[in-house]
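Report on the structure given below.
The values are calculated or read from the model by the stated rules, or taken from the named source; none is laboratory data. Worth saying up front: this structure is predicted, and the values here are computed from it rather than measured. Positions of Cβ are generated from backbone atoms using ideal geometry, with glycine treated the same way; all protein chains shown enter the neighbour counts. Side chains included, ligands, DNA and RNA excluded: accessible areas come from the protein's heavy atoms. Shrake-Rupley method; radii C 1.70, N 1.55, O 1.52, S 1.80 Å.
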Amino acid sequence: MEPDVNEGGRVNGIAVNPSNNKNVLVTSESGGMFVSNDGGQTWGHVDTLPVFQTNTVVFVPANPNIVIATAAADFNAVNGGGIWRSSDGGVNWTEIPNPPIPVNANGPMSATEVSIASDTGTIYVASNFGVSVSADQGSHWTQTQPFTSGDPTVASLVAMNGGHVLAGGSSGVSRSTDGGVHWLTPTANTDGITGLHAFGRSPFSEDQAYVVDRNTALFYTEDAGDHWKSISTSASNKKGGCGGISF
């Protein structure tokens, strides 16, 4: 049964409650958020989240009652874009105040991807303002800048164990070894990564990750982002265009 909302647009993200796999939240391009409590058989609209372009939603593994969602800028008098938090499993929502606008930011805050470090539970959120970080399940947030010159936008990020975090955007690829406090430029082979789309961490090694660019070329690192290697270009999209997401 489809939700009774016109022009909901494509699905941007899906999150399954780790303590109840019948409870599913879905973010959409232009319809806000939807919820199912019977494993996807029927759906309802989450009216308590008053934003229409929702990007990512995640249940916090250590406490599934805590849910983090991101939204694009809506250009209202009070911007609805950024980070939203629920403390009751997605029933009610509170907007996290936007941080100060950084230099060279393009428009109001728009938040996209969320990644949670499996060892510490620290939450990282990518946005056009950089990276927002919370060490207390989203109650409080700090802001960090992987790119100190040029466009501060972080299009994708991935949190690994041991304080390793990777961030990427139009300004390139940046890496942190201390949980996002300081950021470093990779030593080698990021020039071939153009129009970064998404990171994916490996289930086999805490120092291994992958990234896909806009030409669907695939790169990987085995040292937490310091060096990158290209995997066969035979899978590249010869016509260019949208890339993909690595899992």
Percent RCO, i.e. relative contact order, over the chain, from Cα pairs under 8 Å lying at least 6 residues apart:
9
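Per residue, how many Å² of accessible area does the range 85-227 show with a 1.4 Å probe?
On the way: 6140 Å² over 143 residues.
So the range 85-227 comes to 43 Å² accessible per residue, rounded to a whole number.
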Rg/Rh for the chain, where both radii come from Cα atoms and Rh is the Kirkwood radius
0.96
Only Cα pairs within less than 10 Å get springs; with that Gaussian network setup on the chain, which residue of Thr94, Thr187, Thr112 has the largest fluctuation?
Thr187
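Could you please state how large a percent of the accessible area of the range 98-174 is carbon and sulfur, counting protein chains only and using a 1.4 Å probe?
Values: 1530 of 2820 Å².
That share works out to 54 percent.
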One finds, for Asn20 and Asn161 with R0 = 35 angstrom and r their Cβ-Cβ distance, a FRET efficiency to the nearest 0.05 of 0.85
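What size of dipole, in debye to the nearest 20, comes out for the chain about its Cα centre when the only charges are +1 on Lys and Arg C-beta atoms and -1 on Asp and Glu C-beta atoms? Could you put the intermediate results ahead of the total?
Numbers: 9 positive and 21 negative charges, 88 e Å.
In total the dipole reaches around 420 debye.
Evaluate the range 39-142: find the radius of gyration of its Cα atoms, find its Kirkwood radius, and give the ratio Rg to Rh. All intermediate terms of the calculation are to be shown ahead of the outcome.
On the way: Rg = 13.6 Å, Rh = 14.1 Å.
Radius of gyration over Kirkwood radius for the range 39-142 works out to 0.97.
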Can you give the FRET efficiency to the nearest 0.05 for Asp119 and Asn65, using r as the Cβ-Cβ distance and R₀ = 25 Å?
0.75
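With only alpha-carbon pairs counted, each pair once and no self-pairs, how large is the Kirkwood hydrodynamic radius of the range 101-198 in angstroms? Before the final figure, lay out the partial values.
Values: mean 1/r = 0.0751 Å⁻¹.
That comes to 13.3 Å for the range 101-198.
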